Amino acid sequence: MKFIAKRPTPAALAVLRQATAHFPRRKKASDGLLPSAAHMKASPNSDHNTGFAVDLTHDPKHHIDCAVIYLKLKKDKRVKYLIFKGKIWSKQKGETKYTGSNQHEKHLHISIKDECGEDTSPWFPWLAKPKTINKVRAKFPKPLPKKKETKCRNSN
Ligand SMILES: [Zn+2]
């Protein structure tokens with residue numbers, strides 16, 4: 001079992017904050033950083049346990065289209081692997097069918113490489129820079145709910 005982090009890595013947190021800074025009205029229902037106790041038990045090797053993973057809610061109505069982000073983030077050197085809509089992608093293995101029970105229809109899972117946890121450079125560099133006020137607001141969000149077992153079971 002991996003050690004359990006007390007807080008997410010800055011890189012993982014930056015995904016959600018930057019997404020919110022770009023699109024303050026985006027939905028956050030499936031956002032996630034650290035796991036609940038039940039999630040840890042179900043997925044002891046999940047990157048969520050170490051703070052090196054983040055779930056971003058798919059919300060195309062508010063411009064967070066995870067199908068697009070999935071494709072774009074293949075070029076980001078921090079990404080260990082991505083999961084979205086029944087597909088998993090990593091640089092080593094390319095894209096394959098995702099066989100976990102949670103098919104990730106509502107969120108994009110991003111796992112971050114061990115050496116990249118401190119890297120908070122822009123995750124959405126193809127977008128116009130967010131307004132400063134939105135950046136500040138995104139830094140002080142409401143506390144995130146912890147991942148429930150049912151939501152992310154066997155899904156890393
Ligand atoms: Zn996840």
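Quick notes
- Between K72, K61, K80, K6, the distinction of being in a strand (DSSP E or B), free of Cβ contacts under 8 Å to residues at least 60 places away in the same chain and either of a type outside the set (S, T, N, Q) or farther than 26 Å from R137 by Cβ (or both) belongs to K80 only.
- Among the candidates F52, F84, residue that is in contact with a helix residue (DSSP H, G or I) (Cβ under 6 Å, 6 or more places away or on another chain), surrounded by 13 or more Cβ atoms within 10 Å (Cβ to Cβ) and at pLDDT 95 or above: F84
- The conditions of being more than 15 Å from the chain's Cα centre (by Cα), farther than 24 Å from N134 by Cβ, within 15 Å of the ligand (Cβ to nearest atom) and touching a residue at least 60 places away in the same chain (Cβ under 8 Å) are met by A42.
- Matching option when the condition is among the small types (G, A, S) and either in contact with a strand residue (DSSP E or B) (Cβ under 7 Å, 6 or more places away or on another chain) or exposed (fewer than 15 other Cβ atoms within 10 Å of the Cβ) (or both), among A42, A67: A67
- Among (1) of a type outside the set (D, E); (2) modelled with pLDDT of 95 or more; (3) buried (at least 22 other Cβ atoms within 10 Å of the Cβ), the one test that F23 misses: (3)
- Neighbours by Cβ (under 8 Å, 6+ apart or cross-chain): first from region 98-121, within 19 Å of L33 (Cβ to Cβ); second more than 11 Å from the ligand (Cβ to nearest atom) and hydroxyl-bearing (S, T, Y): H104/Y98; K106/T57; H107/T57; L108/Y70; I112/T9; G117/T9; E118/T9
- Hey, A19 within 14 Å of the ligand (Cβ to nearest atom), touching a residue at least 40 places away in the same chain (Cβ under 8 Å) and in a helix (DSSP H, G or I) or not: no
- Among the residues of region 83-128, those identified as within 16 Å of the ligand (Cβ to nearest atom), among the hydroxyl-bearing types (S, T, Y) and either part of a strand (DSSP E or B) or closer than 23 Å to P8 by Cα (or both) are S90, S111.
- Filter result (over 23 Å from E118 (Cα atoms) and in contact with an Asp or Glu (Cβ under 8 Å, 6 or more places away or on another chain)) within region 37-53: A38, H39, K41, A42
The values are calculated or read from the model by the stated rules, or taken from the named source; none is laboratory data. The structure presented is a predicted model; accordingly, all values stated were derived computationally and were not measured. Here Cβ is always computed from backbone atoms with ideal geometry, including for glycine, and neighbour counts include all displayed protein chains.
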